[in-house]
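Q: Sharing a structure below in structure tokens format, with a few things to ask.
The values are calculated or read from the model by the stated rules, or taken from the named source; none is laboratory data. Everything quoted here is computed from the prediction, not taken from an experiment. Cβ coordinates were reconstructed from backbone atoms using ideal geometry, including for glycine residues, and neighbour counts include every protein chain displayed.
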Amino acid sequence: MAAIGGCLTLLVVIAVFGAIWAIWRYNNLISLRNQVGNGWKQIDVQLKRRHDLIPNLVAAVKGEMQFEQDTLEKVIQARNSAVAARGVADTADKENALTQTLSRLFALAENYPTLKANEQVKTLMEELSSTENRIGFARQFYNDIATRFNTAQQLFPDNLIAQTFHFQPVELYEIKDEAERAVPKVDLNVRSDQTKS
Amino acid sequence: MTNLFDQQKRNLTNTRLFIAGFVLLLVLVGLGADGVLYAGGFSPGIPFATLGALAFGGMSAWWSLHGGDRAVLESASAVPLDPSDPRQRQLENVVEEVAIAGGIPKPAIYIVPDADPNAFATGSGPEKASIAVTRGLLEKLNRDELQGVISHELSHVRNYDVRLMTVVAALAGAILLLSDWSRRGLGWGGRRRSSNDGGGGGLGILFAILWVVSIVLAPIIAQIVSLAVSRQREYLADASGAELTRNPLALASALEKIAAAVEPTPSIKQGIAHLCIEDPRGGSLGQKDGVFANLFSTHPPIARRIALLREMAYQKA
């Protein structure tokens, strides 16, 4: 009798410790998931800022850059499809396309000294390049925390908790290799650049 | 062969050792007094002076932690940033960017009207931080370099350096004050003992000698240690700042420009030198290398900081 009682006590103790451990690890995963959500919100705020700034910039440079209507049009198009994007991978894709058209615009603007002297354009350029940096840093922060969340779900024994409660790995905000490698081309012959489209 | 993460970790370990050393010094000064009291026949049963010294150190640290940042900003006559000026607006943008990279709230930003390039951070933690840059810094650095300097300062905030350095400075001050009091007390006690001789005998004399040595050495050691902590935190802030922006070369080139402006920063008092990007006393001490110059400066030699940042950039490539 005493032996069975001892066994029971032992089982209860193990069960209690197991439950405490499970709660602790579950809360850890939840807190990571919330941080990931927060990180994504940060990116979203900055993307919104970018979408709001772009029409202003285009309007400000339109008069001076009338020979670059094609580029300006592409910026606006890329911006509109980026606004419509949903989900991490889709957003990343569309925003990368926007980044490329924007850096093209920035590079072309270098050819217009009057633009660079214009106070309004200068302010908008500063705001926009700050936004680009913020997006980059917010992405860096999001990817770090998302990687930690995904790794936590895969490691034993935490993966048991993750599977039981159906935690899903989150997508990283990735830059495609080509987009990252593409250096904004400052083409001295602007005409040929346009006909290529 | 050190990467950013290793360097951060090593610096953190060193800092813990420094703090432990400080507490030890306080205990030493207190125990010496207790020993002398005990040998003198006065034994209250508890290490009275030791506890007193620890309480005194703790209290002065607490005092300077609460409300220290206002005093620091006022002493540098810092004014809040004016976003209508394009250059200051850019600074605000840069601070916001780096705060996002570090995942901390955007600190309050101040401008110090001084032509020498320098910057400092204050406040007890990321939730309640302020950052101040001189007008000269805004004029001399380009956007990337500014970002490098801000990442250094925000790393001080993020790593709780401001809190740590405030505590260390307060403890060093407490040790200095206690030793000073002890020396005065010693003169008084000595006179009294000569009037009614006897008491402790050989043991008492031994304790007294040890105590005298400790109260003479403790403030010097405390000073050297607090400066060593400051230098460690500078290396750490350089390393973690570079980790935030992933651009160590921008900070290196900012440091070069700051070093080239050898004039001191008169608006910033020496008391907050440990919070600055570079020693506000100007070139002379910051440039020199060598054991002695190193021992008595708040910042590591700027040339070595630049070399370390360059090395980080090289490893990344």
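Q: Could you check B:I111 against (1) closer than 21 Å to B:L164 by Cα; (2) part of a strand (DSSP E or B) and say which number it fails?
A: (1)
Q: Determine whether B:Q147 is within 14 Å of chain A (Cβ to nearest Cβ) and surrounded by fewer than 24 Cβ atoms within 10 Å (Cβ to Cβ).
A: When the stated conditions are applied, B:Q147 does not pass them.
Here is a yes/no grid of residues against (1) modelled with pLDDT of 75 or more; (2) out of contact with any Leu (no Cβ under 7 Å at 6 or more places or on another chain):
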{"residue": "B:F5", "(1), (2)": "no, yes"}
{"residue": "B:R10", "(1), (2)": "no, yes"}
{"residue": "B:R16", "(1), (2)": "no, yes"}
{"residue": "B:D34", "(1), (2)": "yes, yes"}
{"residue": "B:F42", "(1), (2)": "no, yes"}
{"residue": "B:T50", "(1), (2)": "yes, no"}
{"residue": "B:L54", "(1), (2)": "yes, no"}
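Q: Scan the range A:53-65 residue by residue and report those that are surrounded by 13 or more Cβ atoms within 10 Å (Cβ to Cβ) and within 16 Å of A:L128 (Cα to Cα).
A: A:L53, A:I54, A:P55, A:N56, A:L57, A:V58, A:A60, A:V61
Q: Yes or no: A:Y142 in contact (Cβ under 8 Å) with a residue 40 or more places away in the chain and closer than 18 Å to B:A99 by Cα?
A: yes
Q: Residues of the range B:99-109 being at the interface with chain A (Cβ under 7 Å from one of its Cβ atoms) and surrounded by fewer than 21 Cβ atoms within 10 Å (Cβ to Cβ), which ones?
A: B:G103, the sole residue that qualifies.
Q: Applying the selection to the range B:53-98, what residues are surrounded by 16 or more Cβ atoms within 10 Å (Cβ to Cβ), more than 14 Å from every other protein chain (Cβ to nearest Cβ) and over 30 Å from B:A33 (Cβ atoms)?
A: B:D69, B:V72, B:L73, B:A76, B:A78, B:L81
Q: Please find, among A:N34, A:N56, A:N38, the residue that is away from chain B (no Cβ under 14 Å) and among the polar types (S, T, N, Q).
A: Answer to the check: A:N56.
Q: Can we say B:L177 is outside the structural domain of B:I272 (by TED's automatic domain parsing) and of a type outside the set (K, R)?
A: Here the answer is yes, as B:L177 does meet what is asked.
Q: Sticking with this one: Going through the range B:233-256 one residue at a time, which ones are among the polar types (S, T, N, Q) and either outside any helix (DSSP H, G or I) or not assigned by TED's automatic domain parsing to the domain that holds B:L138 (or both)?
A: Within the range B:233-256, B:N247 is the sole residue that qualifies.
Q: Could you list, in sequence order, the residues of the range B:257-270 that are surrounded by fewer than 21 Cβ atoms within 10 Å (Cβ to Cβ) and part of a helix (DSSP H, G or I)?
A: Taking the range B:257-270 as the starting set, the residues that turn out to be surrounded by fewer than 21 Cβ atoms within 10 Å (Cβ to Cβ) are B:257, B:259-264, B:266-267, B:269-270.
Residues satisfying the conditions are B:K257, B:A259, B:A260, B:Q270.
Q: For B:N142, all conditions in the list (1) in contact (Cβ under 8 Å) with a residue 12 or more places away in the chain; (2) out of contact with any helix residue (DSSP H, G or I) (no Cβ under 8 Å at 6 or more places or on another chain) hold save one; what is the number of the exception?
A: Status for B:N142: all satisfied but (1).
Q: With A:F149, A:F141 as the choices, which residue is crowded, with 19+ Cβ neighbours inside 10 Å and within 11 Å of chain B (Cβ to nearest Cβ)?
A: A:F141
Q: Out of all the residues in the range B:229-248, is one or more more than 16 Å from B:I150 (Cβ to Cβ), over 17 Å from the mean Cα position of the chain (by Cα), touching a residue at least 60 places away in the same chain (Cβ under 8 Å) and buried (at least 20 other Cβ atoms within 10 Å of the Cβ)?
A: No: zero hits.
Q: Give me the pairs, please: first residue somewhere in the range B:175-188 and under 17 Å from B:F56 (Cα atoms) and part of a helix (DSSP H, G or I), second residue anywhere and modelled with pLDDT of 80 or more and small (G, A, S), beta-carbon distance under 6 Å, and either six or more positions apart or on two chains.
A: Matching pairs, first to second residue: B:I175/B:A218; B:I175/B:A222; B:L178/B:A53; B:S179/B:A218.
Q: A further question on this structure: Being closer than 20 Å to A:V61 by Cβ and buried (at least 19 other Cβ atoms within 10 Å of the Cβ) is the filter; apply it to the range A:78-96 and report the residue that is farthest from the other protein chains (Cβ to nearest Cβ).
A: The selected residue is A:A78.
Q: A further question on this structure: Taking the conditions exactly as written (buried (at least 17 other Cβ atoms within 10 Å of the Cβ) and more than 14 Å from every other protein chain (Cβ to nearest Cβ)), does A:E68 satisfy them or not?
A: So A:E68 passes the test.
Q: So which residues in the range B:114-150 are in a helix (DSSP H, G or I) and modelled with pLDDT under 90?
A: Those that are in a helix (DSSP H, G or I) and modelled with pLDDT under 90: B:P126, B:E127, B:K128.
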